[in-house]
Each structure stands twice: as C-alpha cells, then as structure tokens.
Amino acid sequence: MIFVTVGTHEQAFNRLLKKIDELIQTNQISDDVVVQHGYSDYKMQNAFSKSLMGSDEFKNYLECCDLLICHGGASTYLEALKNNKKVVIVPRLAKFDEHVNDHQLWYIKEVSDQYKLNYVEDIDDLMSVINKVLNQETVQFNSNNDYFCAKLSVLIDAIVNGGKINE
Amino acid sequence: MKKMCLVCSSGGHLKQLYLIDKVWKNYDRIWVSFDKEDANSLLKDESKISCYFPTNRNVINLIRNFYLAFKVLKNNKPDVVVSSGAAIAIPFFYLSKLFKIKTVYIEIIDRVDKPTLTGKIVYPVTDLFVVQNESLKKVYPKAVNLGSVF
C-alpha cells in the first residue's frame, strides 16, 4: 500500500494529487493507494482519499504502508524515517501557491545528505524516484530526542524556579 | 506541581511540541491548539482549549487570539508558556511578558538560517529561545541550540 499525505497546511497541493491519479490511471502505480488530501480541492479519481485524519488513523496508515509519499513537512518525513519507512518527499512550492515560501525545499536540500532524503522538484520525476526508493534499503535514523528533552528539562526548570540559563 | 501552558498550531508544530513529552509530563498542563482532527485526537487525554485559525498572516484571528490568550493566562496562571509556533504564540508571549509569566519558544526544525515570522516577532520577549540548527544562532544570538527534537 502507498500512503500519500499532503499535511494540514491550509493551502492546496493539487499538483501532487493529480500526478498520483495519473500514475494509477496509466498503471505505473498498481499498489493500493490511500490519500490524505488536506485542503486540496482536486478530487482523487483513482484512490480512497480523506481530507484530515485523526492521529491514530494516520499512524495506522503510516505503519502499514510500503511507501510514504509526502509533502515537505519535516515532521511528517522525519517521523516516517525514524520508523524505518521508505519515503519520497514532494516539497510544496510557492510558485504554485502551495506554501508561503520555499522553505520546505530549502530545508530538504540542507539536510538531504544527513538523512539520505529522496525528493522531487519536477513532478514528472515522481515515478522514477518512487522506483528508486522502492529498490533501496532504508537508512538507520539516529534520534536526538532523549538529549533534547534532557537538556530542555534542565533549562525550563531553571527559568521556572527563577534561575538564569547556562548552556 | 508547576503549571505549563503549551501553545501551538496543529500539524507539524503540534507534532514537535508533543515530542517533548518527557518534559511536559512533569508539569500540570493546559494545551492551546486548533480544533482540527489531528490535534483533537492526539490531545484527547489532555486538557485542551481551541484557538482561532487560520493564523497564517491573518490579522483578524490574531486579534481574536489576543482576547483568548488573555482569558487563558488569567484563568490558568501558568508558571511557563511553551510554544513551537506558529502565530498563536504571539499573543501568548506578549501577554506573558506583561503578566511576568516565563516563556519558552522552540523554533520549528525546518529552518536552516532564515527565521520564521513568528520566531522573529516573539524573540525579543522570550525567556528561553531554542533552535534546532546551529546556523540559526546568527539570526537569534541568545538562542540555545539543542539539535533536532526528533
């Protein structure tokens, strides 16, 4: 199953949805596809699609999918990579009115080597990137969350109890 | 137990604030976020107040959220307000400054060397400003870099 998610940002992302529909229509994608279409107004013709999902439902599709295709929301793809999923990222672009600026693409380019990200700028490249990702192994994700929480905890305790911050 | 008010948009901002659960589980807490499915389901076991949205460059909802923030802070009297953005943080942080409530802002992960608009606006009134990327310290000199929250 392929899970496609465009996040909850309040702008449409029809460009990705139309391409997914086309790839299913032309049998280039033959897997089952589930779509979370957010605030997009394009109606999927060839896949089950839902606007927004509760966290349990989203987590379920993420866990069950063989491939995640997602917008460039870092929380989405980093969580997926942390859970050892295969991911293709399609960043939202301002020139198509998909976001307020191109920060999704800027960030992906910055951390692409670090996290071994697979992403698509020209939507016509989507199928070739899907095939590439399906044929490669996932990469180990090194979590920084324990360190982050431990340090943050000490810093917040300090300011709440009237102390000063020392890094 | 000290009290924490957690303030965020739904979506990725909420996901990143939720990821510091090892921190907020040690506080009495109240959440302020959107009335959207992902926020309502993720926070179903938490105390949650819904704020006005969309907040993205939306002045009317900013004003409405100022009234909401005033009521929330007055009624709950938190010791600290923690936010990952986005714009909902603005009224909470400026009113917290007025009420002498401590504030913690965590800049969202996907900024390399350019700040968010919210981050720029709340930086002057934030007690602890956290970034997830060393490059952002050029923009926010007093920030603490803790690396990725993931």
How far is the Cα center of region B:31-54 from the Cα center of region A:116-144, in Å?
32 Å
Rounded, prolate or oblate (a/c below 1.5 giving rounded, otherwise prolate when a/b exceeds b/c) for the protein assembly as shown by Cα gyration tensor:
prolate
Local electrostatic count, A:GLN45, Cβ distance below 11 Å [Lys/Arg +1, Asp/Glu -1]:
0
How crowded by other chains is A:151-162, given as the mean number of beta carbons from other chains within 10 Å of each beta carbon?
6
Using only Cα atoms, figure out Rg for region A:1-82 and give it as a multiple of 2.2 N^0.38 Å.
1.01
What chymotrypsin sites (Phe, Trp or Tyr not before Pro) in region B:11-108 are in a loop by DSSP, with at most 14 other Cβ atoms within 10 Å of the Cβ?
B:PHE99
Region A:77-120: translational diffusion in µm²/s, Stokes-Einstein, Kirkwood Rh over Cα pairs, 20 °C, 1.002 mPa s:
194 µm²/s
Peptide-level mean, for A:99-110, of C-beta atoms on other protein chains within 10 Å
3
So what's chain B giving for Cα Rg divided by 2.2 N^0.38 Å, two decimals?
0.95
Starting from the Kirkwood Rh over alpha-carbon pairs, what translational D in µm² s⁻¹ does region A:49-98 have by Stokes-Einstein at 20 °C and 1.002 mPa s?
182 µm²/s
Given contacts defined as C-alpha pairs under 8 Å and at least six residues apart, what's the relative contact order of chain B, whole-number percent?
21 percent
Could you give the spread of the C-alpha atoms of region B:82-150 along their three principal axes, from largest to smallest, in whole angstroms?
32, 22, 19
Round to the nearest 10 and give me the degree value, 0 to 90, for the angle of helix A:145-160's Cα axis relative to the longest principal axis of chain A.
40 degrees
Rounded to the nearest 10, the angle in degrees between the Cα long axis of helix A:55-64 and the longest principal axis of the Cα atoms of chain A comes to 60 degrees
Zero-based 10 Å bins, Cα pair distances in region B:1-58, whole percents
23, 57, 18, 2
List B:CYS5, A:CYS65 from most exposed to least, where exposure is judged by having the fewest other Cβ atoms within 10 Å.
A:CYS65, B:CYS5
Would you compute the Debye intensity of region A:70-167 from its alpha-carbon atoms alone, equal scatterers and no solvent, and pass along log10 I(q)/I(0) at q = 0.10 Å⁻¹ to two decimals?
-0.40
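Want the number for A:SER128 to A:PHE48: 0.36 nm per residue separation, take away the alpha-carbon distance, what's left? Please report the intermediate quantities before stating the final value.
Working: separation 80, 0.36 × 80 = 28.80 nm, distance 2.31 nm.
Additional length available on full extension: 26.5 nm.
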Using the number of other C-beta atoms within 10 angstrom as an exposure proxy, rank B:ASP79, A:ASP41 with the fewest first.
A:ASP41, B:ASP79
Which angle from 0 to 90°, rounded to the nearest 10, does the C-alpha axis of helix B:59-76 make with the longest principal axis of chain B?
70 degrees
Fraction of alpha-carbon pairs over 22 Å apart in region A:1-149 - percent:
36 percent
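For each of B:LYS138, B:LYS100, B:LYS114, A:LYS85, count neighbouring Cβ atoms within 10 Å of the residue's Cβ, then give the residues from fewest to most.
B:LYS100, B:LYS138, B:LYS114, A:LYS85
None of the figures in this text is laboratory data; all of them are computed from the coordinates on show. Keep in mind it's a predicted model, so treat the numbers as computed, not measured. Methodologically, a virtual Cβ is constructed for each residue, glycine included, from the backbone with ideal geometry; neighbour enumeration extends over all protein chains shown.
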